[in-house]
1. Exactly one of these conditions fails for A:GLY66: (1) part of a strand (DSSP E or B); (2) more than 14 Å from chain B (Cβ to nearest Cβ). Give me its number.
2. Can you name every residue in the range A:184-238 that is touching a Leu at 6+ places or on another chain (Cβ under 7 Å), in a helix (DSSP H, G or I) and surrounded by fewer than 22 Cβ atoms within 10 Å (Cβ to Cβ)?
3. Which of the following residues is of a type in the set (Gly, Ala, Ser) and in a helix (DSSP H, G or I): A:ALA282, A:ALA241?
4. Among the residues of the range B:539-568 satisfying the criterion of being touching a residue at least 60 places away in the same chain (Cβ under 8 Å) and outside any loop (DSSP other than H, G, I, E, B), which is nearest to the chain's Cα centre (by Cα)?
5. Looking at (1) farther than 21 Å from A:ASP139 by Cα; (2) more than 14 Å from chain A (Cβ to nearest Cβ), find the lone condition where B:GLN227 falls short.
6. Against the condition under 30 Å from B:SER387 (Cα atoms), within 55 Å of the chain's Cα centre (by Cα) and part of a helix (DSSP H, G or I), how does B:GLN313 come out, does it pass?
Amino acid sequence: MALTQVSSNKCCDGYQKVFEHDSSELKCKMKFAIYLPPKAESSKCPVLYWLSGLTCTEQNFITKAGSQQAASEHGIIIVAPDTSPRGCNIEGEDESWDFGTGAGFYVNATQEPWKTNYRMYSYVTEELPRLINSNFPADPEKMSISGHSMGGHGALICALKNPGKYKSVSAFAPICNPIQCAWGQKAFSGYLGPDKSTWELYDATVLAESYSGPELDILIDQGRDDQFLSSSQLLPDNLIAACSKQKIPVVFRLQQGYDHSYYFIFSFIIDHIKHHAKYLNA
Amino acid sequence: HFFNLDSIGVELKNSIKRELHCPVCEEMVKQPIVLPCMHSVCVLCAAEVLVQRGYPPPELPAEPKTPTSSPITRSPRQTRRPPPKTDRLDRVIRTGLLCGTHPGRRRKDTPPVIMLFPCPTCGKDVELGERGLADCLRNLTLERIVERYRHTVSLGSMAVMCQFCKPPQALEATKGCADCRSNFCNECFKLYHPWGTPRAQHEHILPTHSFRPKVLVCVEHEQERLQFYCRSCQRLLCPLCKLRRAHSGHKIMPIALAYQTLKEKITKEMNYVFANQDSVQAQITQVESGIAQTEEQLNQCVSELRSVLAERQGALAMLLEGARAQRAGALNAQLSEKQSLLENAGLLTYTQELLKETDQSCFVQAARVTHNRLVKAIENQQHFSLSADPSFRHFQMDVSRELKALSSMDFIQAPLAPVIDTQKTLAYDQLYLCWRLPQDSAPAWHYSVEYLRKVGGAGALWGRVLSEGSSGSNGTHCSWQRLDDVGGTSAVIDKLEMDSVYVLRVRGCNKAGFGEYSEEVYLHTPPATVLSFCLDSRWGLHAERVALGKGQTYARSVPGMTLLQAADRALTSCHLTSDLLVADVSITQGRHYWACSVEPGSYLVKVGVGVEAKLQEWFHLPQDMASPRYDPDSGHDSGAEDTQDCPPPFCFLTMGMGKILLPKCGASNTSTGPLTAPLPPRLGLCLDFEKGRLTFYDAHSLRVLWEGTVDCSAPVCPAFCFIGGGALQLQELIANLFQHC
């Protein structure tokens, strides 16, 4: 698979690059951002996958979150893919900001007309790691995953559905229980159809209730003044309850005064990278 | 703590060298292989050893095509391995040590020889497989470590150059690439392994000239990688090997799992060794700081003493000063007084002149006054005395006691071994231990008593054995039980097992810790549960002649007024009666034990048991001691009345003159005379009701003195008899005597 470099900027002694490639899962050209710390020049580094939220591309995280300094210090590669396939010309894909383009929800769609292209789950868990491991000095055994909002949902389900694959997981204001919130219900009924049992395969709260595997250390930051928290789109309490029952360690921090924006991510990204570094650099 | 090959000291270098040495050639291993016993040797050394053993020269694993194989590309640093010495081979063949084969035969015709390799490391003969040494895997890891070690040792002697720099500016290589099998400098490496291409995931290694293939391949299936590990055989397997029958039912796991597991195990073990080293270091540091602290304390104590000494000196000096001032003042005052006395000198001169006056009336007139003045002067002189004591008898110092105390100033000693009071220590229903500290011992704040039940029963040891030191360790299988924080100098141990020997010892504790143990004392517990009773006065008492005391556990036989009067009238003989004292309990079943002390100066005392009804009979009709029935010399057959076939309704031992008379068990009279035993300080009795047997013991050592039989068809009571003066003390329960919790 050939990668074409789209941009490269030196940042914090490492390099923030963007590459483009032809995706076999999504059947279209996809871009992803990758930050390579200075340590990558001399040895293989662990990888942190960042999944962005609704309406984002691969650019938002690398320009707004300020993660490069911490990544450089801890010697971690950060890969930030796009949030959905682009340019597939599917009817209705641009109608809403919370369904279709920019709203892949990290599932493998089963319904027409989405099922050919909208396979973000496989892209993130299989194709992208394969690509990264064979084209960059990445340590294939050391992967972690994180994300924001819809990306937080993606990070949690990828970790819960693949015990042992990710060394650690964290999220910013994630959608914890999509089958109970409006966003999730809209997206899942569109991508997965009416059968609610298929939705449960992609719901972090349901997955946590039946999780069995190596111990997973989850860090979640949630802004208290987040408008989507108050409009019951995020529902973190359900996830916490499921995790407590299953004895999955969760650190849930409610941050006073913070909202849903990238300013919130910027404020706490260093804590999250440190959390991942604990396991990736162990 | 990292022992990095790059940053390693001299001793560690030598230590690592040993790990990397071949036991045969004792140099660093070259192309090591792993034998079935897990030890490594150079492949060529292994071949030589086999040849020396008498095997045909073994088939060596094929050397992969590497730069070092051809002399041109081999680094000048690595010397060429000398070929095996053929003269040795010839010698071996000539002496016919090769079993069954000689050089003429073709390889194909000989059956495969199962070779036994004498491993120099473990000393055992290990069986090599069919293909001999070729069956042994290369120890690539060891090779790599040797390589890295060599690299750190010989850095600088011959640098590795980057193979991609464009001349004329060829730089020294900083990395090697195992996949490209070349050496690069930093810039060229980045150029040839750009990010975003598959080359970016190549593995960096140190620059080297020998790029051996980096994976182990299966010895049998050369195309297959070793992806599995068989736990049962401890061997690496390829996918084809795994399917073989040889490994059916074996525990096989993927190599990644074995890698992880072994890595974790080894890391844990390494950390444990480090931690141990760390802990020894920590202990050394602790000792150092402990010494510093204690020294500090000592200095503090001494400086305290010094300041007190200085203070006392000051205070005493001030007292002296006060006394001096006071006395000096007084003497000075006197001095000024004396001065005034000197005025008398004027008076005397005047008087002398006056005496020259011859005119009598003038003389009388002047002398009258002068006489008064002289009288006064004389008075003054007579009453003069020093107003201050010149002697300083009250200001002498005797510091001999202080000097003695100071010179014996010492670190607090732990208390010396306590001395057990063997008179008061005893075993009864409980163990009572009593001790004191030697006089010159440091005081103890509290004591710790240890006791141990020695298996073997009371009969195993008799006599009291005092052992030096702690010989309690031989033969004891159980551990000491402890009574800690015992205040005072005695202790009670309850919850005893009967018929056992207990060993006890005690030590004191003060600020300096525990002192030495006392000598061990062995206490024998009674053979049966202790019976507690009092002397009974329910049948009335010979109140005149027997006085009960101490809660009716003590009895004294006195003559009584009647006998006193009778003795006063008589001069020749006196009637002594036998006064019976009975216990207030009767025994109807089981085994019971009790003890008593008979006063050694008692005249005649009988101790034993009797059927209650019979005793009652006798009480009211006392048997006459003087009756000829009881006189053995009277010619009457004194033994005939007591038939031997049924046990008598009583059983007593008689004691007097500090001895116990032991009746003979048989009818035969020996010529040595009657058998006696010295009266022990405490006498123990044990009645077995069911067996009708009464045993007498020395209550301390529980040595059997005598055993008799008694008719136990009816309730039986302990009983005592006084004939003449005597006293008797029943042993009271320790539980009652000492109200310990």
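1. It is condition (1) that A:GLY66 fails.
2. A:THR198, A:TRP199, A:LEU207, A:PHE228
3. Answer to the check: A:ALA241.
4. B:TYR554
5. The one condition B:GLN227 does not meet is (1).
6. Taking the combined requirement at face value, the residue satisfies it.
Rundown of residues vs (1) within 22 Å of A:VAL107 (Cβ to Cβ); (2) over 17 Å from the mean Cα position of the chain (by Cα), yes/no style:
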position: A:PRO194; (1), (2): yes, yes
position: A:SER197; (1), (2): yes, yes
position: A:SER210; (1), (2): yes, yes
position: A:ASP217; (1), (2): no, no
position: A:PRO249; (1), (2): no, yes
position: A:GLN255; (1), (2): no, yes
position: A:ILE269; (1), (2): no, no
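Okay, residues lined up against (1) surrounded by fewer than 11 Cβ atoms within 10 Å (Cβ to Cβ); (2) modelled with pLDDT of 80 or more; (3) touching a helix residue (DSSP H, G or I) at 6+ places or on another chain (Cβ under 9 Å):
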{"position": "B:GLN339", "(1), (2), (3)": "yes, no, no"}
{"position": "B:SER361", "(1), (2), (3)": "yes, yes, no"}
{"position": "B:VAL369", "(1), (2), (3)": "yes, yes, no"}
{"position": "B:LEU374", "(1), (2), (3)": "no, yes, yes"}
{"position": "B:ALA377", "(1), (2), (3)": "no, no, yes"}
{"position": "B:HIS383", "(1), (2), (3)": "yes, no, no"}
{"position": "B:ARG401", "(1), (2), (3)": "yes, yes, no"}
{"position": "B:LEU406", "(1), (2), (3)": "no, yes, yes"}
{"position": "B:LEU433", "(1), (2), (3)": "no, yes, no"}
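The values are calculated or read from the model by the stated rules, or taken from the named source; none is laboratory data. Just so it is clear, the model here is predicted, and its values are computed rather than measured. Ideal geometry is used to build each Cβ from the backbone, glycine not excepted, and the neighbour counts take in all protein chains shown. Surface areas here come from the heavy atoms of the whole protein model, side chains and all, with no ligands, DNA or RNA. Shrake-Rupley method; radii C 1.70, N 1.55, O 1.52, S 1.80 Å.
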